[in-house]
Amino acid sequence: MSAKIGVMRSLGQAVGIVVNAIRTPVQRDKVVEVSRTCKSERRDDVTLRRTVIDEIIWKESAQQGAGSSDSHSSQTA
């Protein structure tokens, strides 16, 4: 067996990676911004600014994600 990998095989692998990435569902966390405070202070030629953002992040469980896609597919079938 040759150690060289052909161009067509490399192209096939690249296409397979892209297709797999497109088909894989994206897991997104639900983020809700609660508050945002901004404080600015000017000192000569310099402006100091501090921004604080308070957020709540919910992680979507794997069971919820699978359940929602199953219910959707059963409704369309």
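Looking across the stretch 1-30 at every residue that is more than 12 Å from the chain's Cα centre (by Cα) and of a type in the set (Val, Ile, Thr), the one that is modelled with the lowest pLDDT is identified as 5.
Remark: pairs (first residue in the stretch 38-54, surrounded by 10 or more Cβ atoms within 10 Å (Cβ to Cβ); second residue basic (Lys, Arg) and in a strand (DSSP E or B); Cβ separation under 7 Å; 6+ apart in sequence or on different chains) = 53/36.
The values are calculated or read from the model by the stated rules, or taken from the named source; none is laboratory data. Because the structure is predicted, anything quoted here is derived from the model rather than measured. Cβ atoms come from the backbone with ideal geometry, glycine included; neighbour counts cover every protein chain shown.
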